[in-house]
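Trainee: This is the structure, below, for whatever I ask next.
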There are 2 protein chains.
Amino acid sequence: MAQSELIDRYGKLMSKCKDYTIFQSIGGLIQWDMETKMPPGAFNLRSQQLGLFSEIEHKMATDPEVGTLLEKIEADPDHNSLSELQKRNVYLVRKIYNEQTKLPEKLVSETEKQKVISYNVWKKAKAIKDFGLFKPELTKVFELKKQAAEILMDVKGVRTKYDAMIDYYEPKMTEDVIAETFGELKRGLIPIIEKCVNGTTKPDRSILKRAVPVAVQQEISKSIANYIGYDIASEKARGRIDETEHPFTNGYYDDVRITTHYFEDDFASSIFSVLHEGGHAMYEQNLNREWMYQPVGAACSYGFHESQSRFVENIVGRSGEFWSYYLPELKRITGAALSNVGLEQLFRAINVVQPSKIRIEADEATYSLHIIIRFELERDLFAGKITVGELPQAWNQKYMDYLGVEIENDSEGVMQDVHWSQGYFGYFPSYALGNIYGGQIVNKLNQDMPQWRESIANGRFQVIREWLTKNVHSYGNIYDPLDLLCRITGDRINSRHFIEYLDEKYAKVYGY
Amino acid sequence: MAQSELIDRYGKLMSKCKDYTIFQSIGGLIQWDMETKMPPGAFNLRSQQLGLFSEIEHKMATDPEVGTLLEKIEADPDHNSLSELQKRNVYLVRKIYNEQTKLPEKLVSETEKQKVISYNVWKKAKAIKDFGLFKPELTKVFELKKQAAEILMDVKGVRTKYDAMIDYYEPKMTEDVIAETFGELKRGLIPIIEKCVNGTTKPDRSILKRAVPVAVQQEISKSIANYIGYDIASEKARGRIDETEHPFTNGYYDDVRITTHYFEDDFASSIFSVLHEGGHAMYEQNLNREWMYQPVGAACSYGFHESQSRFVENIVGRSGEFWSYYLPELKRITGAALSNVGLEQLFRAINVVQPSKIRIEADEATYSLHIIIRFELERDLFAGKITVGELPQAWNQKYMDYLGVEIENDSEGVMQDVHWSQGYFGYFPSYALGNIYGGQIVNKLNQDMPQWRESIANGRFQVIREWLTKNVHSYGNIYDPLDLLCRITGDRINSRHFIEYLDEKYAKVYGY
């Protein structure tokens, strides 16, 4: 009798989760439309729609009935009769419910308002290269986030305020683990970068500047999507590709859409965007179908998401094997423009290592250093070791120390990214964690399927996708990221394999 | 004190209306996406999204707090201190609230389920031309609607069940008024059609079959949109054009989107679609901006909406004046394909009168007869004078009597339209009412602005649009349709002016 009550409550909780999940998927659609199709004059109406939407979403997430169900389920003496999966679902609902209910309403609404202000001031300050303008608004949003972090430290049971921030994106990850792993990463990357930069081989990127008309690049996008098995064309298609300034992925299971951008004088940009976003999209599409609408039916973390996008973009897309298969196809589509490009030449051109100032333009080797810098600054900010006002100088110093580049103004320095203006502290580490997870995952793939690179060269990406689905996607959110990583690779987090992978590749590119 | 309580309650009611209106506009977006951009594999997810959406929408519409606010406002001794506008808003909320709350939940949910079944069976039955298959499901949906109509008769205080149905689309309109007006219309149309069909002039439609590539037709759409001032291109654009099998308009004030379809061998089809949907769109866009999010900030009725779309499509778009301006532009865009087309030749080709079997392919003169047939059948159905089973025979007889065409099977007869399968009884009359209102409106325009046709010929559609906005659009939903019509034209509803307008035009086309 008691047990059937438990099952009944669990069922009710899952039914509420289903509604919440479906509602969020509608929110995704509204966002997608705003970025891709919305007429510009609709901006104010859309703000109203988004405001109302968030309000309803928040009401659903903080529904007192959810709180009551959670308490009764957690306190039920038969609680252990729930399966591991059911317990995980309850755990995940509790996590979101706490995150949404434990912060004072006033703090939440003030933060929301400040985000809009800080974002707008950031845009202006970046345009006129004036950190002084941005500083007070960044300070406000940081102080509000710090207040939230202080409360969430207890709620989440984590050691530091920064850990509470990281946990939003990478559950159970800590700044200590990241610091150790990023330390190893930095120590591994710097000599590789030096070997590349100081070597005698100087790969030539000029072929990537050859003009390819946008319409032709759209054909390439379709063909790339087809290669990786991201279906946008058939009657069962569950995705589509549109165009935006900044590429992104948006969707849930059966409706996962990506965007890309086209530059006539940089055809590779859209190719790697489609590979990257396609990697994100396939993760969402290939989650365990039986878990649809349940909390476990979601990606594990931001870092894991990045591991999948970077796997397809870099580990596959920047490999010689991929291009040995795909270059003929690319030539067929582009005609004269690329007819005399050689495989070796292209492979080197897309793997140039060059320390630079802007994160989103960074190559695969230097990218993680951009992230490490942001991580160190965020950690020191939340620990009170530096102030918002000291950020520009600290930023510039680290760029000189780690990347050897001199930042000339704050728009190409500390104000280059949007994240902080919107209070997304703790988000940046996920990007480099994605690289690290990816390195460990490819190491495991090397063991499981030593011929995987040949498969790529033969155009059979499908076997890799199936392996990724079986070993990563289908786990959904059943484990926290470090547990999932261990489950997949049998190992704890480490940067070794990512460094090995890079070193092997760059030895080929730069012939060191 | 008491009055401030009234104001306070009115404010609360309007705040709830605002949320409801914004939420509905999100629903519009979901529908638009489903018809235009959604990947086909997302169908089931979308059904879940729509189901949840309707549930929340219904909850908002039937919120008991709305009921309480309405009761207190209506019973308030200071009620008369509300402005006419405020009273109208309260009246309109009450109307929707009653429509949503007075029907038993069971009846509503059964009807929703039956609609899905009837629709699916209709598709199948139409494909295999078997009314026998459709009949039981149409009967069920009709019986459920009749039950609803019986309850709503009292709620709405109308004389007949059919009046209760009509009132959804054309508030306060009655079958008696429609019967009288349609009678006049039929008596006027038949001799005009006879003069056209039996005349010696036989306009030639063959030029409309000339091949114009889809990409060129898309250019034409943009140019037509530009002509009528439906902005889809500027930084302030509040609309856009996409492609669907059946053209439609969807949106609210600052985000009103239309669709069209392109047939290589029928370029005129998309031109008239864009004009038609553009007419709908501009109505929504040009509603009184001060009333946005209030019940009065909406179109008056389905019939008035059709009056605006048909005004732009037919009264403007099929006029010699429009083409005297636009034909050179069309030739510029289409190049060789239409270079030798004459103005007179084109004007006649797009104004051919030819009685036919299919409503959506009908010309401007015979179209209303298709509607009159449907009206008479619906009225007789709700009055119990005929049964669902007798519909095919009655349909075929009327098509022979009014249009002189012989219906060979029920797929080109009684099953040609989707409306009845979804329970949309009372909807059809709006189409012909739109023609009738349009005739009265153009008569008023003739008085107000005798040179309006010259303006069109000079490419200055703007003056017409401004006149329509001032005289129709900006009234929103402040009056019921018959009152609005009287307000605009100073006259009660009559078919005279529409008939005059047609007679004048066809005298030119057919030279009678």
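Just so it is clear, none of the values below were taken in a lab; they were calculated from the coordinates. Quantities reported herein were computed from a predicted structural model and do not represent experimental measurements. In this analysis, Cβ positions are derived from the backbone assuming ideal geometry, glycine residues included, and neighbour counts consider all displayed protein chains.
Trainee: Nearest 10 degrees, 0 to 90: what angle lies between the long axis of helix B:131-156 and the longest principal axis of chain B (Cα atoms)?
Mentor: The helix B:131-156 is inclined about 50 degrees to chain B.
Trainee: Of all beta bridges DSSP finds with both residues in the protein assembly as shown, what is the antiparallel percent, to the nearest 5? Provide the component values of the computation, followed by the final result.
Mentor: Values: 8 of 14 bridges.
Here the share of antiparallel DSSP bridges comes out near 55 percent.
Trainee: What do you get for the angle between helix B:105-127 and the principal long axis of chain B? Use alpha-carbon atoms, 0 to 90 degrees, nearest ten.
Mentor: Approximately 20 degrees, to the nearest 10.
Trainee: Structure shown: which of A:Lys124/A:Lys186; B:Lys37/B:Lys222; B:Lys186/B:Lys444 lie over 26 Å apart, alpha-carbon to alpha-carbon?
Mentor: On the way: A:Lys124/A:Lys186 34 Å; B:Lys37/B:Lys222 20 Å; B:Lys186/B:Lys444 22 Å.
With Cα atoms farther than 26 Å apart: A:Lys124/A:Lys186.
Trainee: Shifting gears a bit: Across peptide B:25-38, what mean number of C-beta atoms from other chains lies inside 10 Å of a residue's C-beta?
Mentor: That works out to 4 on average.
Trainee: So, one more: Give me the number: length gained by fully extending B:Gln447 to B:Asp265, i.e. 0.36 nm times residue separation minus the C-alpha to C-alpha distance, one decimal in nm.
Mentor: Difference between extended and current length: 61.6 nm.
Trainee: Relative contact order, percent, of chain A when contacts are C-alpha pairs under 8 Å separated by at least 6 residues?
Mentor: 20
Trainee: Give the long-range amide H neighbours of A:Gly251: residues separated by 5 or more places, or on another chain, with amide H under 5 Å away, using H modelled in the peptide plane at 1.01 Å from N.
Mentor: Hits under the 5 Å cutoff: A:Arg257.
Trainee: For helix A:367-382, what angle does its Cα long axis make with the longest principal axis of chain A, in degrees from 0 to 90 and rounded to 10?
Mentor: The two axes meet at around 30 degrees.
Trainee: In percent, how large is the relative contact order of region B:1-101, given Cα pairs closer than 8 Å and 6 or more residues apart?
Mentor: 47
Trainee: Can you compute 3J(HN,Hα) from phi for each residue in region A:466-478, using the Karplus curve 6.51 cos²θ - 1.76 cosθ + 1.60 with θ = phi - 60°, rounded to whole Hz and x for Gly and Pro?
Mentor: 5, 5, 5, 4, 5, 8, 10, 3, 5, 6, x, 10, 6
Trainee: Counting other beta carbons within 10 Å of each Cβ, put A:Thr249, A:Thr387, A:Thr101 in order, fewest first. List each step's numbers first, then the result.
Mentor: Working: A:Thr249 22, A:Thr387 13, A:Thr101 16.
Going from sparsest to densest Cβ surroundings: A:Thr387, A:Thr101, A:Thr249.
Trainee: Tell me, what ³J(HN,Hα) does each residue in region B:85-98 have, in order and in whole Hz, if you take phi through Karplus 6.51 cos²θ - 1.76 cosθ + 1.60 with θ = phi - 60° and put x for Gly and Pro?
Mentor: Karplus values, whole Hz, x for Gly and Pro: 4, 5, 4, 4, 4, 4, 4, 5, 5, 4, 4, 5, 4, 5.
Trainee: Counting helices only, and only those DSSP H runs with n ≥ 4, report the 222 nm mean residue ellipticity of chain A as the sum of -39,500 (n - 2.57) divided by its residues, in deg cm²/dmol to the nearest 500.
Mentor: Here the helix-only value at 222 nm equals -20500 deg cm²/dmol.
Trainee: Answer rounded, prolate or oblate for region A:1-101, using the Cα gyration tensor with square roots of eigenvalues a ≥ b ≥ c: rounded when a/c is under 1.5, else prolate when a/b is larger than b/c, else oblate. Don't skip to the answer; put the middle values down first.
Mentor: On the way: a/c = 3.70, a/b = 2.90, b/c = 1.28.
It comes out prolate by the Cα gyration axes.
Trainee: Tell me which residues come under 5 Å, amide H to amide H, from B:Ile386 once H is placed; ignore anything under 5 positions away on its chain.
Mentor: Here B:Leu381 satisfy the definition.
Trainee: Assuming a ≥ b ≥ c are the square roots of the Cα gyration tensor eigenvalues, decide whether region A:75-232 counts as rounded (a/c under 1.5), prolate (otherwise, with a/b larger than b/c) or oblate.
Mentor: It comes out prolate by the Cα gyration axes.
Trainee: While we're looking at this one, here's another question. Can you put B:Leu103, B:Leu208 in order, fewest other beta carbons within 10 Å first?
Mentor: With the sparsest Cβ surroundings first, the list reads B:Leu103, B:Leu208.
Trainee: For B:Lys385, which lysines qualify as cross-link partners when the Cα separation must be under 19 Å and same-chain residues fewer than eight apart are set aside?
Mentor: Within reach: B:Lys135, B:Lys140, B:Lys145, B:Lys146, B:Lys161, B:Lys398.
Trainee: Within a 10 angstrom radius of the beta carbon, how do B:Ser368, B:Ser273 rank from fewest other beta carbons to most?
Mentor: Numbers: B:Ser368 27, B:Ser273 24.
Arranged by neighbour count, lowest to highest, B:Ser368, B:Ser273 become B:Ser273, B:Ser368.
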